[in-house]
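Worksheet for the structure shown next.
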Amino acid sequence: MTPAIKTALSISVATGLYGISYGALGIAAGLNLWQVVALSLLMFTGGSQFAFIGVIAGGGGPGAAFGAATLLGVRNAVYGMQVKAMLRPRGLKKLAAAQVTIDESTATAAGQSDPGEQRLGFWVAGIGVYVLWNIFTVVGALLGDALGDPKAWGLDGAAVAAFLGLLWPRLKSAEPVAIASVCALATVLAIPLVPPGVPILVAAVVAGVWGFFGRGPATEGLEPDVEPHNIPKGDR
Amino acid sequence: MSELWWWILAGCAAAYGIKLLGYLVPEKILENERATRAAGALTIGLLASLTIVNTVASGSSVEFDARLAALAAAAVALLLRAPFLVVVIAGAGAAALVRYLGWA
């Protein structure tokens, strides 16, 4: 087993497992089993899926959920560009590569220096996460159905923790922390003023403008990490 | 099909379209430093906003309840470098415990 495959498999297991929390939270948000599963099969980008159900859970409309999920997926275009530069996929492979272009597969490929290893890392992590994420989405959704009252189990707290866990690895220097703080403040100020779900879009505008006119390094917030913490440098 | 279903399918189509865009658009267009920086800031800002909304929003009002305990517990778990699933379970456990004890 090459180092790329080893890294890719461990990432697949770790990421796939938290599909359980996504599935359970999706049911708690009020989606049905098929809707929860459809998002994992077709949308397949964890942050956006959590965003979609998070907006719905907070009483926001499906249009706002769509907006939050889509904007959070914008980074995948940048990942696609990076993977294209590494793997140069052609034809139908390009279409398949696009679907499994997520934080984890991009990070695994980018962590390898040999082109063959990059290719292996991307595909094994991409397909591995895809398969396990979908399996554990179903497990989580069935679990969520069986749990009954989501609040008694603290599932609303689980959603809070999930978003903090997704944000955490991107807060590596002062500027991301500043962006996060300002956007959090803008959100709190907007909550009483606009319909549920819309405060998230207000924060998106603030962040987008900040990034566009800012002067920080171009990759801030875009070094996709696997799990909330860096994998050891030796594995990258 | 319900309205929610249509938005779900639209979201899935948009997500795939965005992913594919990275493969189809000439590198020069997307390799713009401003665009990359905006995409990064957008990711951070949205995740921060989603964290806060899920912590304090209750419809259109701000409420402090058991979810604050979840936020604190998750932060501690992350500081201790716990894996993602443990962080999520810590958040759920803290909120459930605070509610069970009748503190919030």
- [ ] Within the range A:154-208, track down each residue that is under 19 Å from B:SER61 (Cβ atoms) and in contact with a Phe, Trp or Tyr (Cβ under 8 Å, 6 or more places away or on another chain).
- [x] A:ALA159
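Here is a yes/no grid of residues against (1) touching a Cys at 6+ places or on another chain (Cβ under 8 Å); (2) assigned to a helix (DSSP H, G or I); (3) free of Cβ contacts under 8 Å to residues at least 12 places away in the same chain; (4) not hydrophobic (A, V, I, L, M, F, W, C):
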| site | (1), (2), (3), (4) |
| --- | --- |
| A:THR7 | no, yes, no, yes |
| A:SER21 | no, yes, no, yes |
| A:GLN35 | no, yes, yes, yes |
| A:SER40 | no, yes, no, yes |
| A:GLN49 | no, yes, no, yes |
| A:ILE53 | no, yes, no, no |
| A:GLY59 | no, no, no, yes |
Open item on the list: Quick check on my filter: what residues within the range B:49-104 are at the interface with another protein chain (Cβ under 7 Å from one of its Cβ atoms), not in a helix (DSSP H, G or I) and not aliphatic (A, V, I, L, M)?
Closed with: B:GLY59, B:SER60, B:SER61, B:ARG81, B:PRO83
- [ ] Give the residues of the range A:70-84 that are surrounded by 24 or more Cβ atoms within 10 Å (Cβ to Cβ) and over 26 Å from A:VAL202 (Cβ atoms), sorted by residue number.
- [x] A:GLY80, A:VAL83
TODO: Output the residues belonging to the range A:61-107 that are in contact (Cβ under 8 Å) with a residue 12 or more places away in the chain and not in a helix (DSSP H, G or I).
DONE: A:GLY61, A:GLY73, A:VAL100, A:THR101, A:ILE102
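So that you can scan it fast, the table gives a plain yes or no per residue for (1) modelled with pLDDT of 90 or more; (2) facing chain B (nearest Cβ under 7 Å); (3) buried (at least 19 other Cβ atoms within 10 Å of the Cβ):
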{"position": "A:SER113", "(1), (2), (3)": "no, no, no"}
{"position": "A:VAL124", "(1), (2), (3)": "yes, no, yes"}
{"position": "A:VAL129", "(1), (2), (3)": "yes, no, yes"}
{"position": "A:LEU143", "(1), (2), (3)": "yes, no, no"}
{"position": "A:PRO150", "(1), (2), (3)": "no, no, yes"}
{"position": "A:LEU155", "(1), (2), (3)": "no, yes, yes"}
TODO: Could you pull out the residue among A:GLY91, A:GLY58, A:GLY67, A:GLY46 that is surrounded by fewer than 22 Cβ atoms within 10 Å (Cβ to Cβ), out of contact with any Ser or Thr (no Cβ under 6 Å at 6 or more places or on another chain) and not polar (S, T, N, Q)?
DONE: A:GLY91
Task: Residue in the range B:34-60 that is modelled with the lowest pLDDT, counting only those that are surrounded by fewer than 22 Cβ atoms within 10 Å (Cβ to Cβ) and under 21 Å from A:GLY154 (Cβ atoms) - done: B:GLY59
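The values are calculated or read from the model by the stated rules, or taken from the named source; none is laboratory data. Because the structure is a prediction, the values reported are computed rather than measured. Cβ: placed from backbone, ideal geometry, glycine included. Neighbour counts: every protein chain shown.
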